[in-house]
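Working notes, beginning with the structure itself.
Please treat every number below as a calculation from the coordinates, not as lab data. Nothing here was measured: the structure is a model prediction, and the numbers come from that model. Cβ atoms come from the backbone with ideal geometry, glycine included; neighbour counts cover every protein chain shown.
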Amino acid sequence: MSADPQLAATLDQHGQGHLLRWWNDLDAAGRERLLREIRSIDFERLDDLLKRLVFADETSAPEPSHVRPVAVARLPRTDAERVARRHAAELGAEALAAGQVAVVVVAGGQGTRLGFEGPKGTFPIGPVSAGSLFQIHCEKILALSRRHGKTIPLYVMTSPENHEDTARFFAEHNNFGLEHVRLFVQGQMPAVDRQTGEILLAGKDHLAISPDGHGGTLAALAARTEDGGPSCLDEMRERGIRTIFYFQVDNPLVQIADPAFLGIHRQARAEVSFKVVEKIQPTEKVGVVVEVDGRPQVIEYSDLPSELAERREPEGNLELWAGSIAIHIFERSFIERIVAEAKLPFHRAIKKVSYLDASGTLVGPKEPNAVKFETFIFDALPLAERYAVVECDRAVEFEPLKNATGPDSPATVRQRMSDLFAGWLESAGAKVPRRSDGSVPFGIEISPLFALDAAELKGKIPAGMVVEGPLYLCPNGGRT
């Protein structure tokens, strides 16, 4: 049976007729799969992307002379600033108590770089408990919900690759006690040949498809279910959610729905807000939040010219120091607006992608041969009428899990977590041994369900407590 002539004509019109090359070799299931993937493509948009990002060398890098530091709410350094931060936290707590806040975690990645099979969110990162990233995040949300007396709904963005495994993991753990968890799947885009712009085939019945970037979170939140059910944003609207806290699953230190951050966001009447850390060195691999011609913008580290990265203040500090760490707040109405207007631009990523050649042989290229199309969530920043950028303490809030060994590895993350919890214990009056460099010599962990922060820990441990070995504080008096 021949393919639909109208479909074949459409593909030919857009230079993609090769996608049906093996149509006659496919069984009914293979044809259905191929048709489903082809019909998911907006060919008019793809043609535009090919024109701008494949056949032309379009770049959006700003002129260095137009780039300036962005205004940032710095960490409090004076009593007056600490009082102002507490007032902001009170405002954020009111939003939580009113049930106006939801949490979105981006968790579409696999643990491949960690040498781990399965979704990254299932990685056992607890220094003593070996609790997963998902468990730690969910316990924070549950503790925060209990503190403020309102359910905080969690929305987990998966990928087609790990959705079923993630859903199974949450089901096996009864959603870690959370009342409302909804998983939704990230969108995808086809990969194209770097020279010809032809969509690559991963198999005779399967396109080479990849996730559409973390900016795809916004479109995925707005997408209805396959059976036409309400989108996540529709559901949030029905629940009275105004504000969405966004983060990525690989950072176990994130202060989820931080009331002070929420309060500063509300005080600024912001549509979007970013948390940032002070960059350690010019070459650190984090994007920087800047102003370009008076408008806020994030420049990816890979696009940041050394001239800008190395600029210094007279005191010697980096001029462009505000490193973006993928912790954001969005107003739901703002997401609805920019999704409706399809505002987030696509970027190109030149990658190695395996493909079927004209003979039907699967080729594993030795050099980058393809262009992938991605959107970045930080491109929402310049679209906002009002925004806030807030500094946080790297040692307290940012230690991402990226690599199997070396920096940003399980070893460094567990050490940072242990050091942080040791500080909580010490502020509560406990004695904890330290190495000469200030780190603790064994694992220490405090479940968010035991204490969500250092202030809550005070009064929960015995006076004069001495920590002599690995320690895990958890509810019901449990400890290791």
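General remarks:
- Of the residues V67, V101, W321, the one whose Cα sits farthest towards the positive end of the charge dipole of the chain is V101 (charges of +1 on Lys and Arg Cβ, -1 on Asp and Glu Cβ, taken about the Cα centre).
- Put in order of Cβ neighbour count within 10 Å, fewest first, the listed residues F274, F373 become F373, F274.
- FRET efficiency estimate (nearest 0.05) - Cβ-Cβ, A9 to A349, R0 22 angstrom: 0.10
- Estimated 222 nm signal from helices in the chain, with DSSP H stretches of n ≥ 4 weighted -39500 (n - 2.57), rounded to 500: -8000 deg cm²/dmol
- Put simply, when 41-54, 418-431 are sorted by average Cβ atoms within 10 angstrom per residue, most first, you get 418-431, 41-54.
- Residues C392, C474, C232 arranged by fewest to most Cβ contacts within 10 Å: C474, C392, C232
- C-alpha long axis of helix 410-427 to longest principal axis of the chain, angle in °: 30 degrees
- The separation of segment 406-480 from segment 256-313, counted between C-alpha centres, amounts to 30 Å.
- Assigned charges on the beta-carbon of Lys, Arg, Asp, Glu; segment 253-368 dipole about Cα centre (debye): 420 debye
- Sequence-distant residues sharing a close amide H with Y472 (under 5 Å, placed H): E445, T480
- Loop sites in segment 303-364: trypsin sites (Lys or Arg not before Pro), DSSP, at most 13 other Cβ within 10 Å: K352
- In the chain, the longest principal axis of the Cα atoms and the axis of helix 28-39 are about 70 degrees apart.
- Pairs of alpha carbons in segment 5-54 whose separation is greater than 15 Å (percent): 49 percent
- Along the axis of the charge dipole computed for segment 340-393 (Cβ charges of +1 for Lys and Arg, -1 for Asp and Glu, origin at the Cα centre), the listed residues Y355, V389, A342 are led at the positive end by Y355.
- Length released on extending from E226 to T112, taking residue separation times 0.36 nm less the Cα-Cα span: 38.2 nm
- Whole-angstrom gap from segment 357-389 to segment 72-121, using each part's C-alpha centre: 26 Å
- Theoretical gain in end-to-end length, S40 to M465 [0.36 nm per residue, Cα-Cα removed]: 147.0 nm
- Taking the average, over residues, of other Cβ atoms within 10 Å as the packing measure, peptides 441-449, 381-389, 364-372 rank 441-449, 381-389, 364-372 from highest down.
- A Förster radius of 25 Å combined with the Cβ-Cβ distance from R147 to E172 puts the calculated FRET efficiency at roughly 0.40.
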